[in-house]
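Heads up: the structure comes next, in structure tokens.
Read the figures in this text as sums done on the coordinates, not as results from a lab. Remember, predicted model here, so these are calculated numbers, not experimental data. Note that we place each Cβ from the backbone using ideal geometry, even for glycine, and neighbour counts take in every protein chain shown.
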Amino acid sequence: MPNIKTFLLLSLLILSAHCLGETETPRNYVSTENSAIPIIAYWRDASGEETIEGLRGHTERPWETIAANHANFGYTKDSFWFRFLLANDTDKSKRRLLVVRAPHLDDVLFAELVNGEVVRRSQTGEYYPFSQRETLHPLYIYPVELEPGESHEFLFRIQSEGSLSLPLEIWKEDAFYLRNDREALTHGLYYGFLLFVVTFNLFIFLALREPMYLFYVIFTLMILLVQATLQGRTFQFLWPNVPQLQNFTILVSVPLIALSAAEFSRRFLKLPVMAPRLNYLLIGVSIAGVASIIGVFAAPPHLSKGVSTALVLVTDLILVIIGPYLWWKGVRSARLFTCAWLMLELGASLTLLLVLGVVPHNLLTAYGFEIGSAAEAVLLSVAIVERIYVERNERLKAQEQIIEEQQELQLLEQRRLYEATHSQVTELPSRAYLERFIADRISAQPGSAFMACLISLQRYRDIDRTLGNENARQLMYQIAHQLNEFVETLDGVISIEHSVQGPLYVASLDEITLAMLLEQRRNSEAEQEVQALSKFLGQRIQFGYLSLDLDPRFGLAAYPHHTDSAEGLLRLARIALDATHHSKGCAAVYQSQYNPYSERRLTLLAELDKAIDANKLCLHFQPQLDIEADVITGFEALIRWTHDDFGQIFPDEFIPLAEQAGHITKLTLWVIRQALLHLQELSQAGYDDIGIAVNISMVDLENDSFIEKVQRLLEGSSVAPARLTLELTETALMQDPEGALSALQALRAAGVLIALDDFGVGYSSLSYIKKLPLHKVKIDRSLVSDLASEPDASVVARTAIDMSHGLGYEAIAEGVEDIEALNLLRSMHCRYIQGYWLARPMPWEFAIEWLRTYAAHARERAAERDIRAKSG
């Protein structure tokens, strides 16, 4: 940026040269109407010691002449003397104003001489209080009275730290003040506009708290302050009695312009990101600006002015380059910045060209710098507003994006929460949701009594393997929602969740287990509700073209009777549900003896392995009869455990414990080993044709070493493998049909016989049964016990027996307890039976004795039949 002070001085000088009018003046004037520019003589006083009296006594001084509008001598430490003659050749008195348009002069000595005598003398300037001026005006104004025929000589001695000049004009008084008022109005509008820009951006800074806007406020305020200082307005109105502040203001304001311009531009153009090297350059300018301000207090004034001027020029050059460069790189904010800076440059250039006489005087050239700086302020303010608008939109977009992301995150969290608390299959509340609901209910209503009812669909996994997972999932969804609609009509069912579709009463605990809560006003009411549920789910469910039996089981536990926690309530209901597998009926309410985690169960679990190793287990044997030949064909070995503390422990209790603890294969091998020993004893007693059947678990077949160990036991025994029968339940087989088939084939290859136990209660298909390497099929006791009382039972039993015979298997009827059942089975051609009618399970010593007794009686019956046959 060119030196602002120099530009302003030159602009003021050129302004005075082009605004004069003609007047009646002596011939040494360049005159116009209302003003004149005199031709003056000047002399350089290098020593600065000359006086008015000395000049009067030495006429040999080398005076030179110059037009007052060209009396500009730049920066110099010398003093200059100026003189000119003003005469009134008219017959009228004249009053004129001598106007020096240089408010910045430091020391101005004025003298008026008449006939060589000093009649008037004054000394003023920026080194002296403003009150010393003859006319209280920013310009140096000296009123002059000339009578007709008078001639007055005028002397000026000028000393200044700044640019030294004497832009002298002679004005008619009325014309000057009229012109002065117009100029004052113009400058007032200029000052007012810049003050508005400063205030506007100051409010922006206070609102946004961004340093960039504060630096722009400082930059604009310093431009305004320098202009007002150069035009003398600050000296007149702000500190008229403190002349030292006038020069100090210029010394501080100019480096502040460079500093604030550099810091504003760095931030406005985002130089740290867009042009890091140029950013460092402007940081250097800022550091130099701070150093210049500090130097004002230590360096001589002329040195500080020179440094400040150079710093402004360097800053100007850098910014003139940076703006177009970033514009070329596509930086949006650089466009208005470049235009604004060019307007400031154009205004300063017009002022300079006017001073040099290159362009004519007019409104544009006379007020070029004011117009340029005002235009720069307008454009940068527009740029700032645009930036704020853009940043506001960007912040709004960013906020909208954040809000959208938060909404998406909220939806995702809601979805995750829904997935965590609801079943993916049934879309009903999950176990976690139900536990929280129960806990909240207990907390809100600690005195209320209610029950948790768990519903297990036992045939679901069989259906899953038969129909496929997708069909099974659809079936579970259908059942769950049909059940939810059904229980809505029941009294005492508690709503778990309110969804868009309506209240939900049913929760999904796992793949096959549903749950609900029942008010427990009276035990009979809870029983009625369970019976209604059992009746609803016990009927065959229509799914597509199939009619399916779900075999539902119900387990119930009560709060606060059984437990006082949500987790405990569901756990105890699960224990009750598991108890239905070992008891009659499809529903069970929790009892302490059902609890596998009770002290009794934990003790049994810990001591079972030791009992096997110590042979503390024993076998009881139940005989099997060939009713046609009236001979015992074998025994079923049934394991028993007499505990030291708990007494007799039945298989229904400790077999699941063995499976849970991983001891079942060890237990099965112990039973097989004992059975082989007893088979040897039977051989020694002459019963080589009698076998023993042993129950095995599906867990045994899944054990890779089980078959190999059975083969070793057979090889180590003298017993024919065909005398050993291994029985596996139909339900166990269906847990892993393919794996079971492969294992059973390997056992049959070892020579043992295979029997399918509890036939008729599972969900196996005929096509699968045909593939099994079976020898015997044991008709379940549930199909035999009601033969005499239920006509339909005999149809089912007959079908099962005929099917077994049709597949080439021996049919053994279990649970024969009376002669009626025996006769019916005989009529159905079922040859083999087992049950209490024949004998209960008994220890081995009793079984041997019982076998001898039965064999003796059988021989007697055979003899009697022979006698009757012969006598007949």
For q = 0.15, 0.20 Å⁻¹, Debye-computed log10 I/I(0) when each Cα of region 203-270 counts as one equal scatterer:
-0.54, -0.78
Estimated FRET transfer efficiency when R0 is 56 angstrom, pair A449-R826 (beta carbons, to 0.05)
0.55
At a Cα cut-off below 25 Å, give the lysines reachable from K172, other chains included and same-chain residues fewer than 8 away excluded.
K92, K94
Net charge near V816 (other residues with Cβ under 14 Å of its Cβ; Lys, Arg +1; Asp, Glu -1) is -3
Computed, not fitted: 222 nm per-residue ellipticity of the chain from DSSP H runs ≥ 4 (each -39500 (n - 2.57)), nearest 500, equal to -17000 deg cm²/dmol
Calculate, in nm to one decimal, what D866 and T135 gain on full extension: separation in residues at 0.36 nm each, minus their alpha carbon distance.
246.3 nm
For the chain, percent of DSSP beta bridges that are antiparallel (nearest 5) comes out at 80
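Taking every DSSP beta bridge with both residues inside region 431-595, roughly what % is antiparallel (nearest 5)? Show your work: numbers first, answer last.
Details: 24 of 27 bridges.
The antiparallel fraction comes to roughly 90 percent.
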Counting other Cβ atoms within 10 Å of each Cβ, which trypsin sites (Lys or Arg not before Pro) in region 377-474 have at most 15 and sit in a DSSP loop?
none
Between Q410 and S122, what is the label-point separation in nm under the 7 Å Cα-to-beta-carbon projection?
7.7
Are there any GluC sites (Glu not before Pro) in region 772-872 that are in a DSSP loop and have at most 11 other Cβ atoms within 10 Å? List them by number.
none
Can you compute the modelled spin-label distance between S742 and Y389, with each label point 7 Å from Cα toward Cβ, in nm?
7.7
Fully extended, how many nm does the chain gain between E50 and R840 (0.36 nm per residue separation, minus their Cα-Cα distance)?
269.1 nm
Please report W850, W63 as a ranked list, fewest other C-beta atoms within 10 angstrom at the top and most at the bottom.
W63, W850
Based on the Cβ-Cβ distance of A661 and K397, what FRET efficiency does E = 1/(1 + (r/R0)^6) give at R0 = 45 Å, to the nearest 0.05?
0.10
If r is the Cβ-Cβ distance from L178 to T90 and R0 is 22 Å, what FRET efficiency results, to the nearest 0.05?
0.45
If the cut-off is 29 Å between C-alpha atoms, which lysines fall inside it for K270, apart from same-chain ones fewer than 8 positions away?
K329, K397
Can you put C339, C618 in order of Cβ neighbours within 10 angstrom, beginning with the fewest?
C618, C339
My understanding is that a pair violates if its Cα-Cα distance is over 20 Å; which of K666/K771; K616/K666; K535/K778 do that in this structure?
K666/K771; K535/K778
What three numbers, in Å, describe the spread of the alpha carbons of region 200-335 along their principal axes, ordered from the longest?
52, 34, 22
